[in-house]
Structure formats: structure tokens, C-alpha cells
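One structure below.
The values are calculated or read from the model by the stated rules, or taken from the named source; none is laboratory data. Bear in mind the structure is a predicted one, so any value in this text is a computation, not a measurement. Positions of Cβ are backbone-derived with ideal geometry, glycine not excepted, and every protein chain shown enters the neighbour counts. Ligands, DNA and RNA are excluded from the accessible area calculation, which covers all protein heavy atoms including side chains. Shrake-Rupley method; radii C 1.70, N 1.55, O 1.52, S 1.80 Å.
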Amino acid sequence: MSITSLVFLLVFLPASLAIYWMADDKAKEYVLLGISLVFYAAGSLRYLVLFAVACMITVAIARTMDACHNKEMRKLLLIVGILFNAGLLAYYKYTGFALATIGRMLGRPWQARDLLLPMGISFYTFKAISYLVDVYRKTAIITDSPMHDALYLSFFAQIQSGPLARYNDMKFAGKNSRMFSNGVYRFMCGFNKKVLLANVLARISQEVFGTPFENLSMAYAWLGSICYSLQLFFDFSGYSDMAIGISNMFGYPCMENFKYPYMTESVAKFWRRWHISLSEWFRDYVYIPLGGSRGQGKLKVYFNLLVVWVLTGIWHGAAWNFIAWGLGYFVAISLERLTGMPKKLKTMVGKSLYRLVVLLFINFQWVLFNAKGLMEGLRFIKRMLVPAPNCLADQRAIFLLKDNVFFIIGAIVLCFPIIPWTREKLQGNKLGALLQQTIVTVAIIVLFIFALSFVVAGYNNPFAYANF
């Protein structure tokens with residue numbers, strides 16, 4: 001079940017909120033856990049039992065570890081818990097890729113059966129590992145209820161595409177009308193991003209990336225790559241906004257996952273703004289345990305970075321283009337560390353040019369990310385850099401640009417923090433601030449109704465990170 005579908009919007013979410021808030025406070029976690037399992041069943045029924053059993057085993061291991069005082073036994077339980085969850089992810093997501101790779105190396109291609117992924121298994125696995133590690137480190141404050149732990153692992157608002165919230169962040173804030181209204185507002189913002197921008201841009205990028213290489217032109221390829229970069233941002237940040245909104249409507253705070261990433265000053269800072277919860281997860285559970293960068297030799301630091309970025313690429317997908325994508329970020333971030341860029345740049349012109357180079361690099365990276373394979377991605381990038389006269393493709397690019405110029409410009413403008421900027425400028429001006437807030441709120445509601453009409457008309461694509 002997609003959270004932008006009419007069934008979710010008009011039936012599942014209103015009914016769930018009504019049942020949840022009418023329930024006794026002591027029963028709320030049980031009710032929300034039941035709602036989450038119903039949501040999971042609607043999206044991945046064949047794996048519901050597997051998912052429920054995985055949650056129960058993980059919770060049992062974590063609570064046994066929490067009650068255990070033997071250091072060696074605690075470590076053994078942690079290893080078993082991590083291997084169990086990582087093993088599920090490896091089996092369902094990487095078996096086919098591993099067998100195909102081994103087959104090619106041996107010169108005996110194996111046709112591995114493609115397994116249907118359990119819904120949100122990549123996000124669930126990372127939440128489960130962080131939960132186990134935090135319990136082992138004794139930084140997780142375990143409650144008296146195992147149902148709370150199961151709810152943390154299965155909360156339907158975050159199960160498909162995050163954010164990768166931590167166990168200690170899963171705290172019920174009580175009945176809070178302001179939080180609820182903020183949740184509704186945030187949900188509508190995310191819905192508008194997804195339906196009015198990401199879905200429209202997806203029609204362009206899917207057409208361009210689906211065009212045979214020989215029929216591409218430079219302009220057509222650039223249009224497709226830029227639209228995909230914008231599409232992915234509004235798709236994923238739109239989901240995060242909706243997840244945060246749903247969490248708030250049920251009385252739970254939720255961490256931010258995006259902070260205007262295309263405003264970045266460098267490649268390294270891009271990942272402090274994009275998918276923040278994932279970046280922090282790799283920092284806390286891979287990079288720092290490996291030794292991080294403090295008190296380490298240079299080679300060890302770069303080895304730690306290499307491990308993080310190879311794992312980041314593999315986590316995103318079982319294909320060589322994702323591994324190359326991760327290695328690309330490793331090389332770029334390593335070069336920034338080695339050269340001291342962009343700190344060495346003192347002029348505004350130099351800093352602006354470097355930002356442009358960073359955005360171009362990120363755009364090329366998204367091409368690899370979106371390609372069907374590594375060679376296809378490299379060929380697409382080649383077409384972006386090497387002119388190939390193709391009048392039909394150029395005319396198609398002009399037509400698509402003219403037909404969608406409003407949405408493309410709107411997407412580019414909204415990559416900048418326009419609303420926060422205006423809010424900051426109006427601080428101290430109560431009337432101006434109230435007027436700005438009213439205009440923005442009315443605009444969000446009107447656009448939400450407009451977006452809803454798109455969904456009713458059948459213009460609705462799955463999320464880019466759905467079933468991840």
C-alpha cells in the first residue's frame with residue numbers, strides 16, 4: 001500500500017488515527033503495532049510472517065542481552081543478532097547478484113531466481129542492527145514493554161523508506177494538538193512534493209533513460225539527468241516529510257532526513273544534508289567502530305572511508321553501478337580531504353565555481369545510480385559529454401522542456417530554502433510573519449487538493465525507494 005494511494009489517504013490513515021486516539025493510553029502501542037502489521041500485510045503479505053518472526057527474534061535477542069551481565073555472552077548475542085538480520089538482507093537482496101557474479105568469474109553463467117524483496121527490508125535491517133548495538137552499548141533505554149521494541153522496528157510510517165530513527169527517539173509525546181497539526185501540514189508538504197513535482201519529473205526522466213543510446217542527443221540526455229536529480233530529491237524528501245507528518249499525527253517525533261542538499265558547499269557536506277539518517281547510521285555503526293579519523297594514520301582513515309562507501313553503494317542496490325556509485329563518492333570525498341577543498345578557496349567566485357563542479361559531479365553520480373547497469377550509465381554520461389547530432393532528440397527535449405517548464409522551474413526554486421529565508425527576514429514583524437504563514441498554509445492546502453486530483457486521475461508513481 002502506497003502512502004500516496006487513495007486507499008491510504010481516504011480509508012487507512014483516517015481509520016487508523018480514529019482507532020488509535022480513541023484507544024486507552026496503555027493500549028495505544030498495541031493498537032499502533034497492529035496497525036503497522038496490517039499496513040505491512042497490505043504491502044507484502046507473503047512476507048508478513050517472516051517479518052513478524054524476525055522482529056520477535058530481534059527483540060528477544062536484545063532483551064536477553066540487556067538482562068545478561070556476562071560480557072562474552074552479550075557479545076555473542078550481539079553477533080548472532082547482527083548475523084541473523086544481515087543474513088536475511090543478504091539472502092533476499094544479494095543472492096542473485098552474488099551467484100551471477102561468481103558464475104561470470106567461472107565462465108559458467110548461473111541464472112539465479114530473482115527473489116521478491118520483503119517490503120523495506122534494507123531499512124528494517126539497519127534499524128534492527130542499530131537497536132541491537134545500542135542495547136549492547138547500554139545507550140538504549142529499554143522500556144518494560146517488548147511491544148514497544150517491536151513497534152520501533154515495524155512502525156508503518158518509517159518501514160518503507162525511513163528515516164532510520166534510533167530506538168531512544170521512539171518516545172510517545174502524548175496528546176499534542178500542535179504536533180498533530182504540524183504533522184498534517186508536513187504530510188501535505190510531502191504529498192505535494194511527491195505528486196506535483198517528483199511524479200511529473202519522473203515522466204521525463206523515465207522517457208529519456210528508456211531511450212536507446214543511439215537515439216540520445218546531448219541536450220536530451222542532460223534534460224533527463226537533471227530531471228532525475230530533481231525527481232529523486234522531491235520523491236525521497238517527499239516521503240520523509242510524509243513519514244515525519246504521520247509520526248507526528250500519532251504523537252511521535254521523527255528526525256529530519258533532508259536539509260536542502262543541493263545547497264551544499266562540497267561533496268562531503270552533501271551527505272550531511274541528503275539522507276541524513278543513513279549518513280549518521282554509517283558514521284555511528286561503521287566508521288567510528290572502525291576507528292574513524294581520530295588518532296588514525298592517513299591510510300587507515302581512507303580505508304575506513306572506503307569500507308563505508310562500498311557498503312553504502314551495496315546497500316543501495318545489488319549491482320555494479322551502485323558499487324561504482326559508492327566508490328565515486330569515496331574518491332571525491334578523499335580528494336577533498338587531501339586537497340583541503342573547498343576551504344582553500346577564498347573568493348566568492350572560486351567557491352561558487354566549486355559548488356557548480358560539485359553539483360555536476362552529483363548529477364553524474366545520479367546517472368550511474370539510475371542506470372540499468374554500469375556500462376549503460378557510463379554510456380549515458382558519455383552522451384552528456386560528447387555531442388551527437390540528433391534533430392529528433394533535440395526537438396523532443398525542447399518539447400518536453402516547454403511542456404513542463406513550470407514544474408521544472410518550480411522544482412529548482414524549491415531546492416533553495418525560500419520559506420525559511422522569508423520567515424527569518426520577517427522575524428520581529430508579527431503582522432508580516434502571520435501574513436507569510438497564512439499565505440504558505442493556504443497555498444499548501446490548495447496544492448494538496450490539486451495533487452489529490454492527480455492521484456484520482458491515476459497519475460501516481462511508486463516511490464523511488466519503495467520496496468527497498
- [ ] For segment 46-59, enumerate the residues that are open to solvent by 40 Å² or more (accessible area, probe 1.4 Å) and in contact (Cβ under 8 Å) with a residue 12 or more places away in the chain.
- [x] 46, 50, 56, 57
Open item on the list: If I filter segment 399-429 down to residues being free of Cβ contacts under 8 Å to residues at least 24 places away in the same chain and aliphatic (A, V, I, L, M), which single residue comes out as nearest to residue 215 (Cα to Cα)?
Closed with: 405
Task: Looking only at segment 128-170, and only at residues there that are among the basic types (Lys, Arg) and over 14 Å from residue 254 (Cα atoms), the one that is most open to solvent (accessible area, probe 1.4 Å) - done: 138
Task: Those residues of segment 252-274 which are in contact with a helix residue (DSSP H, G or I) (Cβ under 7 Å, 6 or more places away or on another chain), open to solvent by less than 10 Å² (accessible area, probe 1.4 Å) and touching a residue at least 60 places away in the same chain (Cβ under 8 Å), in sequence order - done: 257, 264, 266, 267, 270
- [ ] Could you identify the single residue in 305, 299 that is open to solvent by 40 Å² or more (accessible area, probe 1.4 Å), free of Cβ contacts under 8 Å to residues at least 60 places away in the same chain, assigned to a helix (DSSP H, G or I) and of a type outside the set (D, E, K, R)?
- [x] 299
TODO: Among the numbered conditions (1) out of contact with any helix residue (DSSP H, G or I) (no Cβ under 8 Å at 6 or more places or on another chain); (2) open to solvent by less than 20 Å² (accessible area, probe 1.4 Å), tell me where residue 120 comes up short.
DONE: (1)
- [ ] Could you check, for segment 284-294, whether at least one of its residues is under 14 Å from the mean Cα position of the chain (by Cα), on the phi > 0 side of the Ramachandran plot and assigned to a loop (DSSP other than H, G, I, E, B)?
- [x] no
Task: Number of the exception - residue 1 against (1) in a helix (DSSP H, G or I); (2) at pLDDT below 95 - done: (1)
Task: When residues of segment 4-46 are limited to those that are β-branched (Val, Ile, Thr) and in a helix (DSSP H, G or I), the one nearest to residue 243 (Cα to Cα) - done: 35
Open item on the list: So residue 74 passes all but one of these: (1) open to solvent by 40 Å² or more (accessible area, probe 1.4 Å); (2) in a helix (DSSP H, G or I); (3) over 21 Å from residue 277 (Cα atoms). Which condition number does it fail?
Closed with: (1)
TODO: Using the structure shown, decide if residue 79 is open to solvent by less than 30 Å² (accessible area, probe 1.4 Å) and more than 22 Å from residue 243 (Cβ to Cβ).
DONE: no
- [ ] May I ask you to verify whether residue 338 is surrounded by fewer than 16 Cβ atoms within 10 Å (Cβ to Cβ), at pLDDT below 95 and assigned to a helix (DSSP H, G or I)?
- [x] yes
TODO: Among what's in segment 434-447 and is out of contact with any Ser or Thr (no Cβ under 6 Å at 6 or more places or on another chain) and open to solvent by less than 40 Å² (accessible area, probe 1.4 Å), pick the residue that is farthest from residue 316 (Cα to Cα).
DONE: 440
- [ ] Would you check which residues across segment 448-466 are over 13 Å from residue 196 (Cβ atoms) and open to solvent by 60 Å² or more (accessible area, probe 1.4 Å) and list them?
- [x] 456, 462
Task: Hey, residue 184 within 19 Å of residue 403 (Cα to Cα) and touching a Gly at 6+ places or on another chain (Cβ under 8 Å) or not - done: no
Open item on the list: Which of the numbered conditions does residue 321 fail, given that it passes all the others? Conditions: (1) open to solvent by less than 60 Å² (accessible area, probe 1.4 Å); (2) under 28 Å from the mean Cα position of the chain (by Cα); (3) farther than 30 Å from residue 121 by Cα; (4) not hydrophobic (A, V, I, L, M, F, W, C).
Closed with: (3)
- [ ] State whether the residues of segment 200-211 include one that is of a type in the set (Lys, Arg), buried (at least 20 other Cβ atoms within 10 Å of the Cβ) and not in a loop (DSSP other than H, G, I, E, B).
- [x] no
Task: Of all residues in segment 20-42 being open to solvent by less than 40 Å² (accessible area, probe 1.4 Å) and more than 21 Å from residue 131 (Cα to Cα), the one that is nearest to the chain's Cα centre (by Cα) - done: 39
Open item on the list: Restricting to segment 341-366, name every residue that is under 20 Å from the mean Cα position of the chain (by Cα) and open to solvent by 30 Å² or more (accessible area, probe 1.4 Å).
Closed with: 359, 361, 364
- [ ] Go through segment 60-71 residue by residue and tally those that are surrounded by 12 or more Cβ atoms within 10 Å (Cβ to Cβ) and not in a helix (DSSP H, G or I).
- [x] 1
TODO: Could you please find all residues in segment 16-75 being among the small types (Gly, Ala, Ser) and under 24 Å from residue 144 (Cβ atoms)?
DONE: 23, 27, 34, 36, 52, 54, 60, 62, 67
TODO: Name the helices (runs of 4 or more DSSP H) wholly inside segment 383-438 in which the number of residues that are within 14 Å of residue 218 (Cα to Cα) is 2 or more.
DONE: 391-403
